[in-house]
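Any read-out appearing in this document is the output of simple, stated calculations on the displayed coordinates, not a laboratory observation. The model shown is predicted, which means the values in this text are computed figures rather than measured ones. Cβ sites come from the backbone with ideal geometry, for glycine too, and all protein chains shown count toward neighbours.
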Amino acid sequence: MIIPAKSLSLFVAKIFEKNGVSAEESERIGRRLVSANLTGHDSHGVIRVPRYVNWLLDGTLVRGQNVSVVSDNGTIAVLDGHNGFGQSVGEQAVQYGIDKAKEHGVGIIGLRNAGHLGRIGDWAEMAVDAGLISLHFVNVAGSLLVAPFGGIERRMSTNPVTIGVPRGDEPPLILDFATSIVAEGKVLVASKGGKALPDNALVGPDGVVTGDPKALYGEGDAIRAYDNRAGEGAIRAMGDHKGSGLALMCEILAGALTGGGCAGPDKPKIQNGMLSIYLSIEQFGSADAFSAEVRQYLEFFSDTKPADPDQPVLMPGEPEQAKRKDRGANGIELPDETWASIMEAARNVGLGDDDLNAALAAA
Ligand code: NAD
């Protein structure tokens, strides 16, 4: 199925509306999920719809939530997301941090108890749009997926780290990655007929590395939202001891420091914690001088002979910018199983082909 981004976003929003979510919040969920698809991160896009609906129904996610302020000393604030949709409470928390950095030059936000925050690069892009540098450390309490370096058993999640740097009129630098070899959603995508995993991405209970998604999901029903606790294996941390250490620090910063809690066997809910630091460039000197230095350095950085002439050296954010351009113009291609699972979620709430055609006509 190839579908224009706007139609997909409208149709997904309808599914949430039919599940009792307000039109405004549903629109946000649809737009943010599709934004992940547009940037090429299908793992964090509309493939999540059935799982989000399940989470809404079982109380893991709560509709209509706003962040509340746990503490605020001017530059540092702790916010509670009350298990609201990450697309809503995440956006509010990021706006809170942006406002602080605009006023004080720096804003540090500990967000606890957020629903799934999706593609963290979206939040760095929001800060970049406000002219700010931002750093984000994220953990996922209730989601044990990743084995530490040297281990076989799951002790943490895929804990992403994200850094955004604005570059004036030039496209920003957006470094945004899971600290595991693959994000869990990429295992989900592979298990539903999408891009295959690297063959060292997972480890089985016997300690043998594998690229087979069954290590995570077991033998689940192919078009339902998979239970990532069903498999006996784990995702491997990226970069050996270094990636494993970075993931551990995400637990400390996004879990322990924000008060949302670290990953563990007794955490029933999937919740994101996020420590975000927003920086105003002007507080460090001239924004023009910064831009000039960055531009000069990036020219030097990019002007390196590629090992493979067909694979140019890219900057963080460039693959997503190219994908957004392509998919924005040509639509988003979804594997059959992903589309079937979305249509099943739609039919479960009384939506059908007429509603899909209406969304297609509205694009
Ligand atoms: P990935 O492995 O595709 O890496 C993406 C990063 O690497 C981007 O910054 C991209 O610009 C850069 N990049 C990719 N190819 C490059 C190249 N050839 N040269 C230079 N830079 C390049 O991403 P991932 O680890 O699979 O993470 C996917 C998404 O999952 C991220 O958006 C992340 O925020 C999200 N995530 C979210 C959660 C959550 O709980 N909300 C958990 C884990 C991951």
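For this structure, a couple of remarks:
- Remark: relative contact order (the stretch 181-236) = 35 percent; criterion is Cα-Cα distance under 8 angstrom and separation of 6 or more residues.
- Estimated 222 nm signal from helices in the chain, with DSSP H stretches of n ≥ 4 weighted -39500 (n - 2.57), rounded to 500: -12000 deg cm²/dmol
- Scalar couplings 3J(HN,Hα) for the stretch 2-17, obtained by applying the Karplus form with A = 6.51, B = -1.76, C = 1.60 to θ = phi - 60°, are 10, 9, x, 3, 5, 5, 4, 5, 5, 5, 5, 4, 4, 4, 6, 4 Hz; x denotes Gly and Pro.
- 10 Å Cβ shell holding at most 15 others, DSSP loop, GluC sites (Glu not before Pro): longest site-free stretch of the chain: 1-152
- The stretch between A23 and F149 holds 41.0 nm of extra length on full extension. This uses 0.36 nm per residue minus the Cα-Cα distance.
- Cα pair distances of the stretch 64-149 binned at 5 Å [whole percent]: 3, 14, 25, 24, 18, 9, 4, 2, 0
- Note, ³J(HN,Hα) from phi for the stretch 320-332, Karplus 6.51, -1.76, 1.60, rounded to Hz, x at Gly and Pro: 5, 5, 5, 5, 4, 5, 5, 6, x, 7, 10, x, 10
- The stretch 199-268-the stretch 28-99 distance, computed between alpha-carbon centres (Å): 21
- Amide H contacts for I76 (H built 1.01 Å from N in the peptide plane; partners 5 or more residues away or on another chain; cut-off under 5 Å): I108.
- Straight Cα distances below 17 angstrom link K195 to the aspartates and glutamates D42, E184, D212, E320, E333, D336, E337, with same-chain residues fewer than 8 positions distant left out.
- E299-N348 FRET efficiency (beta carbon distance; Förster radius 56 Å; 0.05 resolution): 0.60
- The ellipsoid that matches the Cα gyration tensor of the chain has semi-axes, each √(5λ) in whole angstrom, of 29, 25, 23, with the longest given first.
- Rough spin-label spacing in nm, given labels placed 7 Å along Cα→Cβ, for E219 and L360: 3.7
- Measuring nothing but how far apart in sequence close Cα pairs (under 8 Å, 6+ apart) lie, relative to its length, the chain scores a relative contact order of 23 percent.
- Nitroxide proxy distance, nm - points 7 Å out along Cα→Cβ at A329 and A256: 4.9
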